[in-house]
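No value in this document is a laboratory result; all are computed from the given coordinates. Given the structure is predicted, the values throughout are model-derived calculations rather than measurements. With ideal geometry, Cβ positions are generated from the backbone for all residues, glycine too; neighbour counts draw on all protein chains shown.
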Amino acid sequence: MEFLTVALPALNEAFALILTPTAIGYLILGVVLGLSVGVFPGLGGIAGLSLVLPFIYGMDPISGLSMMVGLVAVIPTSDTFASVLLGIPGSSASQATVLDGFPLSKQGQAARALAAAFVSSLFGGLFGAVVLTFFILIARPLVLAFGVPQLLLLTILGFSMVGVLAGRVLLKGLVTAGLGMMVGAIGEAPAQGSSRMDFGSWYLQDGFSLVIVGLGIFAIPEIISLLRQDRAISGEAKLGAGWLDGIRDWFANIWLSIRCAVIGVVVGVIPGLGGSVVDWIAYGHTMQTTRDRSKFGKGEIRGVIGPESSNNAKEGGGLVPTLLFGIPGSGSMAVFIGGMILLGYEAGPQMIRNDLPVTYTIVWSLALANVVGAGLCIFLSPGIARLTTIRFVLLVPFLFMMISFAAFQSKQTLWDLAALVGIGMLGIFLRRFDWPRPAFLIGFVLASQAEVYTYQATQIAMSRFNRGFGDGLSYLFSPMSIILIVVIVVSIWLGARQSKALQPRDTAENTGGKRAPVIFTLAVAAFLAVALIDALSVSVMIDKVFPVTVAGLSLIGALILLVQMRRSPESSPLFADGEHTGEDASAPIGLWPTLFWFISLLVLTALFGFVIALGVFFVAFLTLRGRENWPRTAILTAAGVGFVLVMAYLLNRDFPPGLLQEFVELPWPFGGI
């Protein structure tokens, strides 16, 4: 009753503030901006909000909040375009969508996958807003209940999804996750700042960014594979009523959507987790609760519905710590808090006490933005899905341009592009030898926070045990911790039991021999051995425990794999090789001639700078590889270069310079930084 007494007047006032022509107009403007930024892989909410921050100063507060909320709300929806149509994770929140969305696109069902994703996103966003409405006044005790041990257990829950996503060989999944964790541990240690595996390179001191790793592990292997096929993404053009089929698919799986939306809200409440893990947890839950798992990874629509329901619901959950405590639940929420300050509001407990109507204005602007954004995306999806019927060779220069430009924004150095190529090569080999790339990405994303939470929980627990054994036990094993431990154990048990039934490749026996898979496994073991030696050389104990443990256990796993390979027949899944089975085996063009084109863009950029290199690359690629005539080549080149110039100008971004810029002073955009 007390809740209704406080909340109902605030809700009435919030609706009065939202439902004005000015507020709705700015909300729609934010949605359109979010759609424009979201379809550009690797940028996401931080770049989009950074774009509008200079313009909101001095605006009407409600209008400014509406525009920011509209932009933030729609990005987890619009980033689905890249994930489904191109196989490129539009952001960290849409990585799991690639696994089944892109295969559906290649089967000519892009509109179906997009529609299912957009309706799931709409439902997840609305669900998050409704829950947040009734949750915001009672959320404080729950948020405070998550201490460091519980945050560590949530991170371990994310790791438990490795068992579900490991494919036919569970040990491969575990070693791949360890490999990802060691790549994530490169750079300064989070505790005392010791250098680890940077080998004296200033670039590696801060480690690799998620954008580069995500694009390298998922985008580059799929682009290279499709380019080798020398055809369109989709072999057929079944796009007519596909969006209606997607809506029916969502309705048939509505309970899955509800469960995954609940996961999204709960995980979104916890600061620092959010989009980096929620889609994988939702995807793992989707697989665990599906009887026939043979289609996952090949075009299972449930694999789209689950993650997309959770990643939009996560935005509603993310507003809980942001609005209640002023603690940003993600990077975009940090920029959102900065925008609130410019508009005269300070996030925190006083926001709930003094500005509850404005708080609910933000919540229901989020709901309205999801409706508008999903509606626009559903309306546009049949037309945009036709991109999959265009000859893929015509899309490749634009894709290379986008992912290179996005990767460069990591540290704004040419080494960003070199890192993209290196991680991309790793992604190609992981894909070829059937090592689960999602497991690598989970390990990379969660490595840092797993180490931080382990360090903090150990330090606090030791001080509690010094005061009394019972005090230490109660800190580590609270009721919330026990619940999470049970969930983790059940998840690991299900993953281990089901691993052989999940994501099977072609049933044909491997015919490529043992040599190539063994060499790759030896290379992984060698890297882990180097990582272990480097970790042992770290002088600060607290900075060496985590990498020594992970590298040691992962190296043992890799050595066991090598022993199994020695004893297993050539037909074993241990020797899976995509160059001899599957679509890559029948590709008319080889891997290295295809990869040459992407590397050539890096070389040209190093010599002449990105803009000049881009023009040369477009002309050379379209005429030599695409066999296009000069008029069409000129039009496509102008469109590509013009597009990236406009994006860079609007987002206030620079381009990679080359050797030419060292000797000749050139104006923007040819001068780079």
Open item on the list: Checking the cross-link filter: which aspartates and glutamates have an alpha carbon closer than 12 Å to that of K298, excluding same-chain neighbours under 8 positions apart?
Closed with: D100, D506
Task: For region 575-625, the fraction of alpha-carbon pairs in successive 5 Å shells from zero, as % - done: 4, 19, 21, 17, 13, 10, 10, 6, 1
- [ ] Determine the sum of side-chain charges near I533: Lys and Arg each +1, Asp and Glu each -1, restricted to other residues whose C-beta is under 12 angstrom from that of I533.
- [x] +1
Open item on the list: Using the basic label-point model (7 angstrom from Cα toward the beta carbon), what is the R632 to Q459 distance in nanometres?
Closed with: 6.2 nm
TODO: Between I485 and I533, take the C-beta separation as r, use R0 = 41 Å, and let me know the FRET efficiency to the nearest 0.05.
DONE: 0.75
Open item on the list: Can you tell me the length gained on complete extension of the stretch F520 to S571, counting 0.36 nm per residue apart and subtracting the Cα distance?
Closed with: 16.6 nm
Task: Kirkwood hydrodynamic radius over Cα pairs of region 414-455, then Stokes diffusion coefficient at 4 °C and 1.567 mPa s, in µm²/s - done: 110 µm²/s
Task: Residues with amide H under 5 Å from that of R196, placed H, sequence gap 5 or more - done: G187, E188, A189
- [ ] Determine the sum of side-chain charges near I442: Lys and Arg each +1, Asp and Glu each -1, restricted to other residues whose C-beta is under 15 angstrom from that of I442.
- [x] 0
Open item on the list: Quick check: from the Cα gyration tensor, does region 519-657 come out rounded (a/c under 1.5), prolate or oblate?
Closed with: oblate
Open item on the list: Quick check: net charge around F546, other residues with Cβ under 14 Å of its Cβ, Lys/Arg +1 and Asp/Glu -1?
Closed with: -2
- [ ] Take the cross-link list K172/K544; K172/K295; K106/K411; K295/K411; K106/K514 and give me the ones stretching past 27 Å between alpha-carbons.
- [x] K106/K411; K295/K411; K106/K514
Open item on the list: Run the numbers for L171 and S478: contour at 0.36 nm per residue of separation, minus the present Cα-Cα distance, in nm.
Closed with: 107.3 nm
TODO: Give the relative contact order (percent, whole number) for region 506-586; include only Cα pairs under 8 Å separated by 6+ residues.
DONE: 52 percent
TODO: Calculate one ³J(HN,Hα) per residue across region 186-191 by plugging θ = phi - 60° into the Karplus curve 6.51 cos²θ - 1.76 cosθ + 1.60, and present them in order as whole Hz with x for glycine and proline.
DONE: 5, x, 6, 5, x, 7
Task: Calculated FRET value between Q412 and K298, using beta carbons and R₀ = 30 Å, to 0.05 - done: 0.20
- [ ] Kindly provide the trypsin sites (Lys or Arg not before Pro) of region 573-661 that DSSP labels as loop, not H, G, I, E or B, and whose Cβ sees at most 12 other Cβ atoms within 10 Å.
- [x] R627
- [ ] Enumerate the whole-percent occupancy of each 10 Å bin, from 0 to the last occupied one, for all C-alpha pair distances of region 506-586.
- [x] 18, 36, 25, 15, 6, 0
